[in-house]
Amino acid sequence: MKLSILLIGALPFLATALPSQTPDNLIGFTRNLPLLRQVDHANCSRLSQCAVPWPGITITPPYAGGTGWDPRRPGAWISDGRLLGKYADDCTPLCTPAMPPTLAPNAFITGLEVVQRLNQIVFVDSQGFIHFYTNTCPPIPVTMCYTGLGPTALGNVTTGLAIDEDQDLVFVAFPIYPVGPNFVAVLRLGNPCQVICQLLVPPCPAGPIGTFTGLACDWGRRILYGTDGNNTVALRYQLTSSVPCPSLLLLSCCQFAAANDPFVGLAIRPGGATRFGHPCNNGLCPNCANQHTLGNDPVLGNADFHLVFDQAPARSLAWALIGAGPCRNSPIITPLLCGPVWSTPLLGSLGPIPTGGITPCSGAAVFAFPLPASATFAGWVLSSQCVTLCATPVGIGTAMSSCLSFELQGS
């Protein structure tokens, strides 16, 4: 069944936002050690960090650097201002850092984003140029243009980049560095070097927030995050048809204890899946583990999003059942199946796909589930569960995975 049919079918069940599954976090590259650090802005808490095996520290301005998250091949693209590389969130290297060939000798990368709709890496430099690269290893230049956001006599300089793919907005932090205040320039992704307007960031009432060194955009919730290196700010933005520029409303500020290693970039680390129930086998199906996982991150605009089923019965047929909402405690019981269907109410299925394999439990299937870049679906929680039919001349059997709940996110 096609994705569009599944999502349209979900409308009666998803009229209101459902609770998050594994929540998303803010993630960012830091300046000194360096680290890849995650924080929970909603609860104002630091979560985890790991040391990045970076090939030496380039002496760059304190606002140089950036972070962008790639949900297709999950990992953080990070920069210290001169080099660009990619690491998993446990700091495992994914793409060796190298200098982008379009970066001028006197310029520094100051903001970084991954655009799902284009499957490209986008960064802004300290001279006001926006660069587009393929989301590959190594990244390959696509195009670049000048925004007019070059350094000013007042001290304005670009320090962060974030993009709303649904409303086609590009946000560039352009504060008066280092004393403030914070400004955000707004551009269009379709015309990325034409500044529409500049917005003044509201101050935090509980205490001062320094000049931004990174931006991140949760466009599914219309929230723009900024960091001054230690603290984080959440801003609601809204675009109306009668006004070309969005408005900014302060939502919350998180003031953390000062860290010796401040953020120089910021991105959204998408949430994952939660698991419910247990796998099973019956009839002629062998006793397999039937592992079901998300192949990558459920981010809207991720055309490569897919579900994975492995350690499954070989030489069989597999389906992925898709449910509206999270895995349910009130399952569907079908006598033919080895266990209950937790992904209910059922929207439809993906498949069948032959599992292949040679040894009894070496079967596997990948279910393509491309996600549109539309905030309409942001916050929707879906569930999935894999079912296998084992058939031989002497009989049949079934195998099932546990159930996964996951939220569609715009970030």
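The values are calculated or read from the model by the stated rules, or taken from the named source; none is laboratory data. Model, not experiment: these values are computed from the prediction. Note that each Cβ is placed from the backbone with ideal geometry, even for glycine, and that neighbours are counted across all protein chains shown.
Working only within region 375-411, note down all residues that are under 20 Å from ARG328 (Cβ atoms), aliphatic (A, V, I, L, M) and assigned to a strand (DSSP E or B). Those that are under 20 Å from ARG328 (Cβ atoms), aliphatic (A, V, I, L, M) and assigned to a strand (DSSP E or B): VAL381, LEU382, VAL387, MET400, LEU404. For PHE171, are the conditions met, namely being at negative phi, hydrophobic (A, V, I, L, M, F, W, C) and in a loop (DSSP other than H, G, I, E, B)? For PHE171, the condition - at negative phi, hydrophobic (A, V, I, L, M, F, W, C) and in a loop (DSSP other than H, G, I, E, B) - is not met.
Condition check ((1) outside the structural domain of THR136 (by TED's automatic domain parsing); (2) buried (at least 18 other Cβ atoms within 10 Å of the Cβ); (3) in a loop (DSSP other than H, G, I, E, B); (4) within 22 Å of the chain's Cα centre (by Cα)) across all residues:
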| site | (1), (2), (3), (4) |
| --- | --- |
| ASN302 | yes, yes, yes, yes |
| ARG315 | yes, no, yes, no |
| ALA320 | yes, yes, no, no |
| SER330 | yes, no, yes, no |
| LEU347 | yes, yes, no, no |
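For region 127-134, the criterion of being surrounded by 15 or more Cβ atoms within 10 Å (Cβ to Cβ), at pLDDT 95 or above and farther than 28 Å from GLY180 by Cα is met by at least one residue.
Applying the condition of being within 27 Å of the chain's Cα centre (by Cα) and modelled with pLDDT of 95 or more to region 332-344 and asking which residue is surrounded by the most Cβ atoms within 10 Å (Cβ to Cβ) yields SER343. Condition first: touching a Pro at 6+ places or on another chain (Cβ under 7 Å) and surrounded by fewer than 15 Cβ atoms within 10 Å (Cβ to Cβ). Can you find one or more residues in region 106-120 that meet it? Checked against the condition, which is being touching a Pro at 6+ places or on another chain (Cβ under 7 Å) and surrounded by fewer than 15 Cβ atoms within 10 Å (Cβ to Cβ), region 106-120 yields no hits at all. Residues in region 199-213 that are part of a strand (DSSP E or B) and buried (at least 17 other Cβ atoms within 10 Å of the Cβ): how many? Residues that pass the stated criteria total 1. Within the set THR334, THR376, the sole residue that is within 18 Å of GLY283 (Cα to Cα), out of contact with any strand residue (DSSP E or B) (no Cβ under 6 Å at 6 or more places or on another chain) and among the polar types (S, T, N, Q) turns out to be THR334. Of everything in region 349-374 that is in contact (Cβ under 8 Å) with a residue 60 or more places away in the chain and part of a strand (DSSP E or B), the residue that is surrounded by the most Cβ atoms within 10 Å (Cβ to Cβ) is GLY363. Among the residues making up region 51-98, those that are hydroxyl-bearing (Ser, Thr, Tyr), surrounded by 21 or more Cβ atoms within 10 Å (Cβ to Cβ) and within 13 Å of LEU36 (Cβ to Cβ) are THR67, SER79, TYR87. Scanning region 243-260 for residues that are touching a Lys or Arg at 6+ places or on another chain (Cβ under 7 Å) and surrounded by 14 or more Cβ atoms within 10 Å (Cβ to Cβ), we see that the one that is farthest from LEU224 (Cα to Cα) is PHE256.
The criterion of being among the polar types (S, T, N, Q), in the same structural domain as GLN311 (by TED's automatic domain parsing) and under 30 Å from VAL114 (Cβ atoms) does not hold for THR355. Look at (1) over 19 Å from GLY277 (Cβ atoms); (2) surrounded by fewer than 24 Cβ atoms within 10 Å (Cβ to Cβ) and you find that SER411 fails only one, number (2). When GLY272 is tested against (1) part of a loop (DSSP other than H, G, I, E, B); (2) surrounded by fewer than 16 Cβ atoms within 10 Å (Cβ to Cβ); (3) not aromatic (Phe, Trp, Tyr), just one condition goes unmet, and that condition is (2).
Within region 184-208, residues that are without any contact (Cβ under 8 Å) to a residue 60 or more places away in the chain have Cβ atoms under 9 Å from residues that are of a type in the set (Ser, Thr, Tyr) and part of a strand (DSSP E or B) in these pairs: LEU199/TYR237; LEU199/SER247; CYS204/SER252, counting only partners at least 6 apart in sequence or on another chain. Just name the residue that is nearest to LEU350 (Cα to Cα) out of those in region 275-310 that are aliphatic (A, V, I, L, M) and in contact with a strand residue (DSSP E or B) (Cβ under 7 Å, 6 or more places away or on another chain). Filtering region 275-310 for residues that are aliphatic (A, V, I, L, M) and in contact with a strand residue (DSSP E or B) (Cβ under 7 Å, 6 or more places away or on another chain), the one nearest to LEU350 (Cα to Cα) comes out as LEU307. Once region 214-245 is narrowed to residues that are of a type in the set (A, V, I, L, M, F, W, C) and not in a loop (DSSP other than H, G, I, E, B), the residue that is farthest from LEU189 (Cα to Cα) is VAL233. For ALA153, the conditions (1) farther than 19 Å from ALA216 by Cα; (2) buried (at least 24 other Cβ atoms within 10 Å of the Cβ) are fulfilled apart from (2). Those strands (runs of 3 or more DSSP E) of region 102-158 in which at least 1 residues are touching a residue at least 60 places away in the same chain (Cβ under 8 Å) and acidic (Asp, Glu), considering only elements entirely within it, cover 109-115.
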